[in-house]
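> Below is the structure I would like to discuss, written out as structure tokens.
The values are calculated or read from the model by the stated rules, or taken from the named source; none is laboratory data. On a predicted model such as this, the values are computed, not experimentally measured, just so you know. A quick note on method: Cβ atoms are made from the backbone with ideal geometry, for glycine too, and the neighbour counts reach across all protein chains shown.
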Protein chains: 6
Amino acid sequence: MSRIDGRTPDQLRPVTIERGWSKHAEGSVLVSFGDTKVFCTASVTEGVPRWRKGSGEGWVTAEYSMLPRATNTRGDREAVKGRIGGRTHEISRLIGRSLRAVVDFKALGENTVVLDCDVLQADGGTRTAAITGAYVALADAVAWARGKKLVKAGRQPLTGTVAAVSVGIVAGVPLLDLCYEEDVRAETDMNVVCTGDGRFVEVQGTAEAEPFAREELNALLDLAVAGCGDLAAAQRAALEITL
Amino acid sequence: MSRIDGRTPDQLRPVTIERGWSKHAEGSVLVSFGDTKVFCTASVTEGVPRWRKGSGEGWVTAEYSMLPRATNTRGDREAVKGRIGGRTHEISRLIGRSLRAVVDFKALGENTVVLDCDVLQADGGTRTAAITGAYVALADAVAWARGKKLVKAGRQPLTGTVAAVSVGIVAGVPLLDLCYEEDVRAETDMNVVCTGDGRFVEVQGTAEAEPFAREELNALLDLAVAGCGDLAAAQRAALEITL
Amino acid sequence: MSRIDGRTPDQLRPVTIERGWSKHAEGSVLVSFGDTKVFCTASVTEGVPRWRKGSGEGWVTAEYSMLPRATNTRGDREAVKGRIGGRTHEISRLIGRSLRAVVDFKALGENTVVLDCDVLQADGGTRTAAITGAYVALADAVAWARGKKLVKAGRQPLTGTVAAVSVGIVAGVPLLDLCYEEDVRAETDMNVVCTGDGRFVEVQGTAEAEPFAREELNALLDLAVAGCGDLAAAQRAALEITL
Amino acid sequence: MSRIDGRTPDQLRPVTIERGWSKHAEGSVLVSFGDTKVFCTASVTEGVPRWRKGSGEGWVTAEYSMLPRATNTRGDREAVKGRIGGRTHEISRLIGRSLRAVVDFKALGENTVVLDCDVLQADGGTRTAAITGAYVALADAVAWARGKKLVKAGRQPLTGTVAAVSVGIVAGVPLLDLCYEEDVRAETDMNVVCTGDGRFVEVQGTAEAEPFAREELNALLDLAVAGCGDLAAAQRAALEITL
Amino acid sequence: MSRIDGRTPDQLRPVTIERGWSKHAEGSVLVSFGDTKVFCTASVTEGVPRWRKGSGEGWVTAEYSMLPRATNTRGDREAVKGRIGGRTHEISRLIGRSLRAVVDFKALGENTVVLDCDVLQADGGTRTAAITGAYVALADAVAWARGKKLVKAGRQPLTGTVAAVSVGIVAGVPLLDLCYEEDVRAETDMNVVCTGDGRFVEVQGTAEAEPFAREELNALLDLAVAGCGDLAAAQRAALEITL
Amino acid sequence: MSRIDGRTPDQLRPVTIERGWSKHAEGSVLVSFGDTKVFCTASVTEGVPRWRKGSGEGWVTAEYSMLPRATNTRGDREAVKGRIGGRTHEISRLIGRSLRAVVDFKALGENTVVLDCDVLQADGGTRTAAITGAYVALADAVAWARGKKLVKAGRQPLTGTVAAVSVGIVAGVPLLDLCYEEDVRAETDMNVVCTGDGRFVEVQGTAEAEPFAREELNALLDLAVAGCGDLAAAQRAALEITL
């Protein structure tokens, strides 16, 4: 039984990672997972937030947002509403935590990198695409900072790579990298963030309809680990060009 | 090697669930997991939010908040700051989703139950205590609604029970129900929400220091499932008194 | 003619003042005036707001809030609405002014005490219960600060005690300490804050229906002064245990 | 011993009440108490707020504000800060309550009058000048509504007049109608709102330095009642021109 | 063909510029263009915003606001709405830019002047009246600062005068200084800010109905330049009294 | 004397207008003026804002925003700050007015089109690029609405085309289509919006340094009219492909 778009259950959508999409940002990527497109920029500034000053350690944080018409129906801008919604907050925090998992803050020194992940077009999996693309933008920004000697010679602030993918159970079948139509029908929805060596950074599973059993959880984790492995390969391929 | 407070790794803190803590609310509970104390009220109103009108289905939602001095250092009130923080949003959404997993909205009919979970004192695990206590307040509120005939005769809006517990790895050892001091030192932190029959509603694991391996994840899930079983028993004990 | 709850016109509701209700706060009290229950915490921090720096004088301020379901009908959270309402502002300011009336700021030194008064259950007189309870929490916090040598040896930052009570005219009869049902029907409503030696800190009288005459005002003041005297005795009784 | 500006203790500052200061508003007044100048407009609209619809009763409300440079030092605009401060809220509520005390809402019918009181120049007593001037604007607005037949023939929505004055104890002497310099030095500060027949609508007394005794309170009330009597005469004089 | 109020197409409304309208502000003006009345105050403070510190240069900025009942129908206060609207922002920025065009910031030294322009009554042209009046308030404030030696001896921070007027095409005829009724019917509306020597500081033309041709634009500019010349004369006349 | 990027004074930067950039929006364009890139989407909804209901007329509005790292230095998100800045408000309003100048609202019927213009990369002229691109997105959205029969058969809601360009005087020389570096140094800066037949919709000129003379204004208008003619040709070229 094939999927809406003809994929097998364990198949990612076509993934593209285009670097250098901004002339201003220290790192920038347009990442696409199928029709989901996220523009990720990494901005480096010297110094750290007040609570971290004098620690000798850097900081990495992220902000996620959707353009109003990224989705099928136009959503109100959060700037116009005057407040950020719970979903936006939640995803921004997830992206920041995920990237920090592969950063050596001592090696980074008192520098800050802000990742902005703006969804230009949404078709499911925007947070996982954002993490996957933001990592590449971060890698470029870190390389820039090393070139500018903001980072001490011989230090490598990145301890590895990190990527993310969604998995879910649709009509009883565990599937990898859900598109929007699948996501809407999923009984269980999980986002998994893994390092390039296959360990977990985040596991967030939610029963949308029925509570799920341990075996289902296991099947989803298997799919996700394999998917993150493929994404890690795509990240390495994208970065090998100049790193 | 015993824990800070002398517990074994798989032992919950003392759990108390006191019902009837408010003379106004349709359901109310003061729940404590050790020194963590959360006041949960359930408010029933006829009718549903606009987007659900005419569906014949009810709605359940939750709001979480910390009193300013629930923690060791006073925090600013979100009402004074004029905006709700990301953490508060995230937890409110988690509590709502967790409770909705055991609600039959058709049976509830077009009624809304709002769960307010206000943390009076925090010592780790406030969100899991909130879910566990809020379920009992919800059960009382549903019983009240049935008594008032807001719910059709013979319909049972609750499909089961739901409880939650935190687990984490501290100094390499998987532990159940972390107190604040353990939580701060945890390498990995996970919140697990289970139904009374041992299935998963939410699994949210985060690597705080090192990414975690599949075996560690499995050990944490084992601890959590057992802990949720004990909490489900405590919920049943609390509710048997009058239900 | 007896009152709704059987009291005589000049009788307070049962008053309880429980200290030590929080393991974190420097002072904490659960105060109840009948079914009105307010949780008061006092938080001490070294230093003062910017505008007072270098003065050698301390500061005391207060924030009042109602839990959403403290009342018979659930109210929206001010944090969710994104702004504090006029009533909340007004009461917070009243509590702060009342407590400052018995503080010697030079003796307190450059320390700040914040009183948080959160209404867990409301049945009329929440602001007067808050003032009465907050004073006891403040006294405990000041004792703590003296013990920690934050306050110079031999200095006593408290110049006396302060308590508050509501009075009003219901069906032509002046009554002490109105419960909610009485408050709703009152033609005139007054909140009076007195020091332990019977002098006035605040007098706030409002004609809810008919303007009131000077003799009515005098009768209400007589009731209030006597009621505050009883409350001062209850405060002393509560504090004698350890002070 | 004479006052800063040569007045006797029981003497008001020069009071002027100029009507017709706006070509748009249904009632408008520029009121001055010495150098305190408040521009009051009364806006009539058919209909009432949602919570009052169908009651057959009208509504009167007020909003108070200070221009940024009404005071000696420029204050930030509340619109720029994005939130209304506690003092502004408190005074707006006081003005509204004071005016409602002399309105027969059944006679007014389902019409709303909004009083805007904007302080152009402040020199103490802005809230009492605002109440005194707003009453005259309200009277003009009500006359306009009667002329337009918004109010049923033969009905008089105003049951009397209302005025307000500040009193205080400065250097031990009770004084009427404090200017800013006196207000700053006052040990006790009280605002009193009276109807034209000498009864009380609001009494708000605050100990700024020392708590005050019953005799002091009595002396202040005597001064205030006499002052409000003079202000009521000034209101009648201003209104006799066309009413 | 004469205008609604009998003026010729190239005629200003009666213009009055009254100085010294506030006892507190360093400069203050009540300016009227016919029934449009704007109260302008200039507040001088030593020092400049953070981004300009150490530059040796001063700063001039402006805030514009309408009282709620300045217009025919009452508008909600922006402070109550909690946000400043686009129109208010736009006009505040225009006033600030216009005044800065005639300021020599080096001569002003590190001092800041804030112009507050509050519309007491609106009948078209509020922004142009505000600029014209604010200039005079600014001139008085600068003279005050020179008298106080905040400005170095011999330095003149003002390089000239600035005034503004609206022009528009109504029923095909170019008109100077539109009143509200004309403004509503205008096909094209333009605000022009000129220095006293007839050069342009701002030209803001908008097609309200039909796009406009180059010849129409030219005719409007001719009218505006002449009108600004008359306003500059009125400014000089107002200021000659004491400068 | 040639320009920074080698252009002649009357030469536009390379302009590209790519349609169909979003799979969700009814019209979408990525427009670039050199390195300035703006993503414009047009969203059609049936119905109009409340104040226009029952008029039989449609509505067109616009929202402009910059991604945080569209510029050389990262700017804070307005959603995070909780309020929209004056510049954003001003440009959003300008875009909306410009597009409405070529819309026949009766022909559009009670439908609304919202144009979202998000700047992905900024290098001067973002508002003029936004207007030019948004027109093309609007044209596609209108064509879609006609295809869907939301617009009555035979009605053409667009009365013409509209485009915009910036002009300015740099080092005394009038230049067309300023890039950021030129914009920063411009003595005078003007944005001009023209219809395809060469008439003016908006003229907004500002003296950044020196006030400008009538001849300078004329020279700038000449440049702008010619530039808008070229942009109109580019719009027609882009749209001819499928219209």
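> Being outside any strand (DSSP E or B), modelled with pLDDT of 95 or more, more than 14 Å from chain E (Cβ to nearest Cβ) and over 22 Å from F:Thr71 (Cβ atoms) narrows it down to one residue among F:Ala153, F:Ala130, F:Ala224, F:Ala234; which is it?
Criteria check complete, one pass: F:Ala234.
> Give the range F:42-59 a look and list any residue that's out of contact with any Gly (no Cβ under 7 Å at 6 or more places or on another chain) and either within 21 Å of F:Ile131 (Cα to Cα) or crowded, with 24+ Cβ neighbours inside 10 Å (or both), or say none.
The answer is F:Ser43, F:Val44, F:Thr45, F:Trp59.
> Only residues that are without any contact (Cβ under 8 Å) to a residue 40 or more places away in the chain and charged (D, E, K, R): list them for the range C:19-41, please.
C:Lys23, the sole residue that qualifies.
> Let me ask something additional. Quick one: in the range D:27-37, which of the residues that are in contact with an Asp or Glu (Cβ under 7 Å, 6 or more places away or on another chain) and closer than 17 Å to E:Ala70 by Cα is farthest from the other protein chains (Cβ to nearest Cβ)?
The qualifying residue farthest from the other protein chains (Cβ to nearest Cβ) is D:Val29.
> Another question, then. Could you figure out which of (1) surrounded by 23 or more Cβ atoms within 10 Å (Cβ to Cβ); (2) closer than 17 Å to E:Ile131 by Cβ isn't true of E:Ala207?
(2)
> Tell me the residue from E:Asp140, E:Asp118, E:Asp177 that is at positive phi and crowded, with 21+ Cβ neighbours inside 10 Å, please.
E:Asp177
> Answer yes if at least one residue in the range C:19-38 is surrounded by fewer than 16 Cβ atoms within 10 Å (Cβ to Cβ) and touching a strand residue (DSSP E or B) at 6+ places or on another chain (Cβ under 6 Å), and no otherwise.
No, the range C:19-38 contains no residue that is surrounded by fewer than 16 Cβ atoms within 10 Å (Cβ to Cβ) and touching a strand residue (DSSP E or B) at 6+ places or on another chain (Cβ under 6 Å).
> Let me ask something else. Being free of Cβ contacts under 8 Å to residues at least 24 places away in the same chain and of a type outside the set (D, E, K, R) is the filter here, so list the residues in the range C:87-125 that pass it.
Scanning the range C:87-125 gives a single hit, C:His89.
> Only one of (1) within 14 Å of chain F (Cβ to nearest Cβ); (2) over 30 Å from A:Ile4 (Cα atoms); (3) part of a helix (DSSP H, G or I) is not met by A:Asp116, so which one is it?
Among (1) within 14 Å of chain F (Cβ to nearest Cβ); (2) over 30 Å from A:Ile4 (Cα atoms); (3) part of a helix (DSSP H, G or I), A:Asp116 violates only (3).
> Can you tell me which of (1) closer than 26 Å to A:Leu12 by Cβ; (2) at pLDDT below 95 is the one A:Gly86 doesn't meet?
For A:Gly86, the failing item is (1).
> I want to confirm something. Restricting to the range F:221-243 and keeping residues that are touching a Ser or Thr at 6+ places or on another chain (Cβ under 6 Å) and not small (Gly, Ala, Ser), which single residue is surrounded by the most Cβ atoms within 10 Å (Cβ to Cβ)?
If we take residues in the range F:221-243 being touching a Ser or Thr at 6+ places or on another chain (Cβ under 6 Å) and not small (Gly, Ala, Ser), then F:Leu231 is surrounded by the most Cβ atoms within 10 Å (Cβ to Cβ).
> Here's a follow-up. Consider F:Pro49 carefully, then state whether it is more than 14 Å from chain E (Cβ to nearest Cβ) and over 30 Å from F:Arg146 (Cβ atoms).
For F:Pro49, the condition - more than 14 Å from chain E (Cβ to nearest Cβ) and over 30 Å from F:Arg146 (Cβ atoms) - is not met.
> Let me ask something else about it. Could you check, for the range E:195-208, whether at least one of its residues is more than 14 Å from chain F (Cβ to nearest Cβ), in contact (Cβ under 8 Å) with a residue 12 or more places away in the chain and among the charged types (D, E, K, R)? If you could, list the steps in order and put the result at the bottom.
Applying the first criterion (more than 14 Å from chain F (Cβ to nearest Cβ)) to the range E:195-208 yields none.
No, because not a single residue in the range E:195-208 is more than 14 Å from chain F (Cβ to nearest Cβ), in contact (Cβ under 8 Å) with a residue 12 or more places away in the chain and among the charged types (D, E, K, R).
> Still on this model: Only one of B:Arg214, B:Arg199 is closer than 24 Å to A:Ala101 by Cβ and of a type in the set (D, E, K, R); which?
B:Arg214
> Please go through (1) more than 15 Å from the chain's Cα centre (by Cα); (2) within 14 Å of chain E (Cβ to nearest Cβ); (3) more than 28 Å from A:Gly85 (Cα to Cα) for F:Glu78 and return the number of the only condition it doesn't satisfy.
That leaves (3) as the condition not met.
> If I filter the range F:210-220 down to residues being touching a residue at least 40 places away in the same chain (Cβ under 8 Å) and surrounded by 22 or more Cβ atoms within 10 Å (Cβ to Cβ), which single residue comes out as nearest to the other protein chains (Cβ to nearest Cβ)?
Checking each candidate, the answer is F:Phe212.
> Let me ask something else about it. Given the options A:Ser98, A:Ser65, A:Ser32, A:Ser28, name the one that is closer than 30 Å to D:Gly82 by Cα and under 15 Å from the mean Cα position of the chain (by Cα).
A:Ser65
> Follow-up question, since we're still on this one. Tell me, please, whether a residue that is among the acidic types (Asp, Glu) and modelled with pLDDT under 95 can be found in the range A:167-180.
The answer is no; no qualifying residue exists.
> Would you please name the residue that is nearest to B:Thr128 (Cα to Cα), looking only at residues in the range B:160-191 that are assigned to a strand (DSSP E or B), within 12 Å of another protein chain (Cβ to nearest Cβ) and free of Cβ contacts under 8 Å to residues at least 60 places away in the same chain?
Ranking the candidates gives B:Met190 first.
> While we're looking at this one, here's another question. What is the residue count in the range C:91-107 for residues that are in contact with an Asp or Glu (Cβ under 7 Å, 6 or more places away or on another chain) and crowded, with 21+ Cβ neighbours inside 10 Å?
Counting residues in the range C:91-107 that are in contact with an Asp or Glu (Cβ under 7 Å, 6 or more places away or on another chain) and crowded, with 21+ Cβ neighbours inside 10 Å gives 3.
> Just give me the residues in the range F:81-95 being at the interface with chain E (Cβ under 10 Å from one of its Cβ atoms), among the aliphatic types (A, V, I, L, M) and within 18 Å of the chain's Cα centre (by Cα), in sequence order.
Of everything in the range F:81-95, those that are at the interface with chain E (Cβ under 10 Å from one of its Cβ atoms), among the aliphatic types (A, V, I, L, M) and within 18 Å of the chain's Cα centre (by Cα) turn out to be F:Ile91, F:Leu94.
> Now for a different question. Given the structure, is E:Ser98 closer than 16 Å to D:Ala79 by Cα and within 12 Å of chain F (Cβ to nearest Cβ)?
no
> Of the residues in the range C:86-120, how many are of a type in the set (S, T, N, Q) and more than 13 Å from D:His89 (Cα to Cα)?
3
> Filter the range A:60-73 down to the residues that are farther than 24 Å from A:Leu158 by Cα and surrounded by fewer than 21 Cβ atoms within 10 Å (Cβ to Cβ), then identify the one that is farthest from the other protein chains (Cβ to nearest Cβ). Walk me through it before giving the result.
Within the range A:60-73, the first condition is being farther than 24 Å from A:Leu158 by Cα, and the residues that meet it are A:65-73.
Right, trim to surrounded by fewer than 21 Cβ atoms within 10 Å (Cβ to Cβ) and you get A:71-73.
Details: A:Thr71: 6, A:Asn72: 5, A:Thr73: 8 Å.
Per the criteria, the residue is A:Thr73.
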